[in-house]
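Each remark here refers to the structure printed beneath this line.
The values are calculated or read from the model by the stated rules, or taken from the named source; none is laboratory data. Keep in mind it's a predicted model, so treat the numbers as computed, not measured. All Cβ positions, even for glycine, are placed from backbone atoms using ideal geometry, and neighbour counts span all protein chains on display. Side chains are part of the model used for accessible areas, which takes the heavy atoms of the whole protein and leaves out ligands, DNA and RNA. Shrake-Rupley method; radii C 1.70, N 1.55, O 1.52, S 1.80 Å.
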Amino acid sequence: MNRFDYHFPVRVHFGQGCFEETLQQELTRYGNRVMLAYGGGSIRRTGLYDRLVTILHGAGKTVTDFGGIMPNPTLKKVQEGQQLAREIKADLILAVGGGSVSDCCKIVATGDTPIPLGVVVTASGTGSEQNNGAVITDEENKVKGAMWGVFADFAILDPDLTKTVPMKQVISGAFDTLSHCMETYFGRPDEVTLSDEINEAVQRNTIRNLRRIAQDSDDELARSELMWASAMGENGILKLGKVTDFQCHMIEHQLGAYTDCNHGQGLAVLHPTFYRHIYHSAEKKFDRWAQEVWLVQHAQQAIDALEDLINEVGLPTTLADMGITLADDTIKAIAASTVITPGCCKRLTPDEIEQILRECS
């Protein structure tokens, strides 16, 4: 295992029904001016917004809304949030939603004097509340890439709140969790480490509960397990001693920069094709993945099993399924602007990325 340092500053509150009690406890730590950040209209439609405002007012807080954070948050939206936070002199940013909301707010909260951040997770999958990384889209330059902001002070993970988002989002989020685990697993070193063995268990758990939630949206155990699997995928534990891969994520990020597509769905389309292009470069590790995660013998069988799972849970398998048609010049632009990651077992060329995108069409 490679050398590492590990520090985890986020206070995590996990459990069914924990939302109101833990939020009330956390609010006692902060001043009165709260910027309430959220995405589209789901928290209003489901009544969650009213519950939040009642708790905040009950704690003596004044509330300023920062709504409309889009699924692929833009640099312009980040700048809007920073301006608002300065104007109201926010004592706390409370981000309510999935990874897009927390990603946006982690960057909004940066500055000469960082603003404390709390996250209430309603859509699990990204694990964004567990780290200080964010994916932000620069629309003007057609770049969707990583930025580094603050760690959340606290994160509330109440599986009941995942019922406030559509099942399509639950499924795509769960696949994002699986993708995070796989992208970490196939990083370097190639030798199997304790981090990898823990990762195998998280992958098996995610696959099992993804199937369960796809069959029964009321399965509370599956929701709970998927929420914690999401946290495990991005709280750093699986990455200890690893140089991660995340090459498929980098391709999807640039696909998203040009199409604004759903992240989890884009990963579902790309992963099987991507793995068929690279598995020969780490065949021993892919064979172990086949045996320990998918309970088959060889890499090709595991990739087929991954593709079968994607079909089974109703995720798209082609870009056409997502309503995306890419012109040849767009494919070339996506490939040329994709970041090449050092952890991948095969160093892809832009030509190979073009080929992967064409095969996914």
> Out of (1) touching a Phe, Trp or Tyr at 6+ places or on another chain (Cβ under 6 Å); (2) closer than 23 Å to Glu220 by Cα, the odd one out for Val12 is which?
Replying inline: (1)
> Applying the selection to segment 311-344, what residues are open to solvent by 20 Å² or more (accessible area, probe 1.4 Å), in contact with a strand residue (DSSP E or B) (Cβ under 9 Å, 6 or more places away or on another chain) and assigned to a loop (DSSP other than H, G, I, E, B)?
Replying inline: Val339, Pro342
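Each row is one residue, and each column tells you yes or no for (1) buried (at least 21 other Cβ atoms within 10 Å of the Cβ); (2) under 21 Å from Leu161 (Cα atoms); (3) at pLDDT below 95.
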position: Ala37; (1), (2), (3): yes, yes, no
position: Ile69; (1), (2), (3): yes, yes, no
position: Thr74; (1), (2), (3): no, no, no
position: Val78; (1), (2), (3): yes, no, no
position: Lys89; (1), (2), (3): no, no, no
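Conditions (1) touching a residue at least 12 places away in the same chain (Cβ under 8 Å); (2) out of contact with any Asp or Glu (no Cβ under 7 Å at 6 or more places or on another chain); (3) not charged (D, E, K, R), marked per residue:
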position: Tyr30; (1), (2), (3): yes, no, yes
position: Arg33; (1), (2), (3): yes, no, no
position: Gln79; (1), (2), (3): no, yes, yes
position: Ala95; (1), (2), (3): yes, yes, yes
>> Scan segment 226-240 and tell me whether some residue there is open to solvent by 20 Å² or more (accessible area, probe 1.4 Å), closer than 21 Å to Thr206 by Cα and of a type in the set (Lys, Arg).
In response: yes
>> Suppose the filter is more than 21 Å from Arg11 (Cβ to Cβ) and of a type outside the set (A, V, I, L, M); does Asp138 pass it?
In response: yes
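For segment 209-222, how many residues meet the condition of being charged (D, E, K, R) and in contact (Cβ under 8 Å) with a residue 12 or more places away in the chain? Outline the logic, then answer.
To start, the set of residues in segment 209-222 that are charged (D, E, K, R) comprises 211-212, 216, 218-220.
If we keep only those that are in contact (Cβ under 8 Å) with a residue 12 or more places away in the chain too, we end up with 211, 220.
So the answer is 2.
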> Pick from segment 135-177 the residues that are charged (D, E, K, R) and open to solvent by 30 Å² or more (accessible area, probe 1.4 Å): which of them is farthest from the chain's Cα centre (by Cα)?
Replying inline: Glu140
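For segment 46-55: of the residues being within 27 Å of the chain's Cα centre (by Cα), in a helix (DSSP H, G or I) and free of Cβ contacts under 8 Å to residues at least 60 places away in the same chain, which is surrounded by the most Cβ atoms within 10 Å (Cβ to Cβ)?
Step one: filter segment 46-55 for residues within 27 Å of the chain's Cα centre (by Cα), giving 46-53.
Filter once more, keeping what is in a helix (DSSP H, G or I): 48-53.
Imposing the further condition that a residue be free of Cβ contacts under 8 Å to residues at least 60 places away in the same chain reduces the set to 49-51, 53.
Working: Tyr49: 19, Asp50: 11, Arg51: 15, Val53: 15.
So the residue we want is Tyr49.
Hey, can you tell me all the residues within segment 82-111 that are under 28 Å from Ala174 (Cβ atoms), of a type in the set (Gly, Ala, Ser) and in a helix (DSSP H, G or I)?
Taking segment 82-111 as the starting set, the residues that turn out to be under 28 Å from Ala174 (Cβ atoms) are 93-109.
With the extra rule that they be of a type in the set (Gly, Ala, Ser), the set shrinks to 95, 97-100, 102, 109.
Gly99, Ser100, Ser102 - these are the residues of segment 82-111 that are under 28 Å from Ala174 (Cβ atoms), of a type in the set (Gly, Ala, Ser) and in a helix (DSSP H, G or I).
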